[in-house]
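Reading through the structure tokens given below for one structure.
No lab work stands behind these numbers, since they all come straight from the coordinates. Quick caveat: nothing in here was measured; it's all calculated off a predicted structure. Here the Cβ positions follow ideal geometry from the backbone for every residue, glycine too, while neighbour counts run over all protein chains shown.
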Amino acid sequence: MMPSPIVLKLAVSVLLTALSPLATSQTTYPNKPIRMIIPYVPGGGTSVMGRLVGQRLTEAWGQYVIIDNRPGAGGIVGAETLARAQPDGYTIMFTSVSDHLLVAQLQKPSYDAIKDFAPVATVAIAERIMVVHPSLAAASLKELITLARSKPGQLNYASLGNGSTAHVGTELFCMLAAIRMTHIPYKGGAQAVTDLVAGQVHVYLGSIASMGAFINSGRLRPIAITGESRATALPQVPTFSESGLPGFDIKLWYGVLAPFGTPPAIADKMSAAIVRIVNSADFKDTIASLGIIPYTVPRVQIAEMMRSEAIRYVEVIKAAKIVPN
């Protein structure tokens, strides 16, 4: 028997009432402050980039983007915090997606690095620059390799933790150069650079954003940079290929992730806002001075990019015989 018109009208009314808060929240988003998790300590390259994006989102939306640095375990602490957050668009994470994927391959965290997150936007690509403390008797990549071969395991290098690009990248470098150095993990780039400047560690494969000022002041000595060409910000620094190690190439890309289940309409709105920021002349000029290249792709492609990159990193980890410390 067909339900009466009154019953049908009541059912439709109930359904619309149930759906209206969700619809309203998506059309008015954002209507309160947003928390942006950065899974490293303040001062490193990821934090610098995250704050730049957060500041511009605040200006664009008229809602504060509150930075929440959650360092620990190479980024796992921050990622776990995001994975447990409400998927409503008010908790997001700015991260090195490369590090996010890498650390999950070694540490086996409680979350799935791809399935438990909703990709929002890509922001930029940063080449890696290798630097040493000026007291080290190495002014070039060739001299560093020669020195390391003469002192197996005596030179040490910093990283942002097991599975970070600094860790995996330096181990890959050691494998290709047939040398051995000792790994010193840190919670973030700022701490690593502080100890490097103080001479407590010898080598670091990091970002121009976190080390440019120390390089320009002579407190750190640049050795080589990844990529096909020299960085505009530091044109005096040769590439690894120019320096005699053409097979070495590892970089990171920054992006924004949200918890799995975030409504697509909200993720799309946030993605569009971030893409506008990244494509603005002001933002491009600012990050160019940090040796960073703008990088945007359609949001629907990011998950597949993450899957492909995770596979590539597994191959690097196996080739370099990297194991959790």
For 299, 84, what ranking results if the residue with the fewest other Cβ atoms within 10 Å of its Cβ goes first?
-> 84, 299
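Are there chymotrypsin sites (Phe, Trp or Tyr not before Pro) in the stretch 266-322 that DSSP puts in a loop and that have at most 16 other Cβ atoms within 10 Å, and which ones? Mind showing how you got there, number by number?
Values: sites: 283, 295, 313; in loops: 295.
Sparse-neighbourhood loop chymotrypsin sites (Phe, Trp or Tyr not before Pro): 295.
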Calculated from backbone phi, Karplus (6.51, -1.76, 1.60) coupling profile of the stretch 128-134 in Hz, x at Gly/Pro = 9, 10, 9, 10, 9, 6, x
Charge dipole (the chain, unit charges on Cβ, about Cα centre) - positive-most of 302, 57, 71 = 71
Of the options 83, 106, 222, report the single residue whose Cα projects farthest towards the positive end of the charge dipole of the chain (beta-carbon charges: Lys, Arg +1; Asp, Glu -1).
-> 106
Taking a straight Cα-to-Cα line shorter than 17 Å from residue 269, and setting aside same-chain lysines fewer than 8 residues away, one finds 32
Which label in [x] 1.07; [y] 1.04; [z] 1.00 gives the computed Rg/Rh (Cα atoms, Kirkwood Rh) | [x]
Of 151/318; 284/318; 187/321; 142/251, pairs whose Cα-Cα distance is over 32 Å = 284/318
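Sort 123, 237 so that the residue with the fewest other Cβ atoms within 10 Å of its own Cβ comes first and the one with the most comes last.
On the way: 123 27, 237 21.
Going from sparsest to densest Cβ surroundings: 237, 123.
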Once amide hydrogens are built 1.01 Å from N within the peptide plane, the residues lying 5 or more places from residue 159 or on another chain with amide H under 5 Å from its amide H are 184, 186
J(HN,Hα) series, the stretch 209-226, from Karplus relation 6.51 cos²θ - 1.76 cosθ + 1.60, nearest Hz, glycine and proline x = 4, 8, 10, x, 5, 6, 5, 5, 8, x, 7, 9, 10, x, 10, 6, 10, 6
Compute the relative contact order of the stretch 111-183 as a whole-number percentage, counting only Cα pairs closer than 8 Å that sit 6 or more residues apart in sequence.
-> 26
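Going by how many other beta carbons lie within 10 Å of each one, how would you line up 305, 181, fewest first?
Values: 305 16, 181 21.
Listed from fewest to most nearby Cβ atoms, that is 305, 181.
Roughly how many debye, to the nearest 20, is the charge dipole of the chain about its Cα centre, given +1 on each Lys and Arg Cβ, -1 on each Asp and Glu Cβ, and no other charges? Walk me through the numbers on the way to the answer.
On the way: 27 positive and 20 negative charges, 57 e Å.
For this selection, approximately 280 debye.
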For the chain, calculated [θ]222 nm from helices alone, where every DSSP H run of n ≥ 4 adds -39500 (n - 2.57) = -14000 deg cm²/dmol
Give the long-range amide H neighbours of residue 251: residues separated by 5 or more places, or on another chain, with amide H under 5 Å away, using H modelled in the peptide plane at 1.01 Å from N.
-> none
Using θ = phi - 60° and the Karplus relation 6.51 cos²θ - 1.76 cosθ + 1.60, list the HN-Hα couplings for the stretch 178-195 in order, rounded to whole Hz, with x at every Gly or Pro.
-> 6, 10, 9, 10, 9, 7, 10, x, 10, 7, x, x, 4, 5, 4, 5, 4, 5
The chain - share of DSSP beta bridges that are antiparallel (%, nearest 5) = 60
Alpha-carbon centroids, the stretch 226-255 and the stretch 124-166: separation in whole Å = 14
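How much FRET efficiency would the formula 1/(1 + (r/R0)^6) give for residue 307 and residue 151, where r is the Cβ-Cβ distance and R0 is 35 Å, rounded to 0.05? Mind showing how you got there, number by number?
Details: r = 40 Å, r/R0 = 1.15.
With R0 = 35 Å, the Cβ-Cβ based efficiency is 0.30.
Calculate the FRET efficiency for residue 318 and residue 234 from the Cβ-Cβ distance with a Förster distance of 41 Å, rounded to the nearest 0.05. Present the calculation step by step, with values, prior to reporting the outcome.
On the way: r = 32 Å, r/R0 = 0.79.
It comes out at approximately 0.80.
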Tell me which residues come under 5 Å, amide H to amide H, from residue 64 once H is placed; ignore anything under 5 positions away on its chain.
-> 34
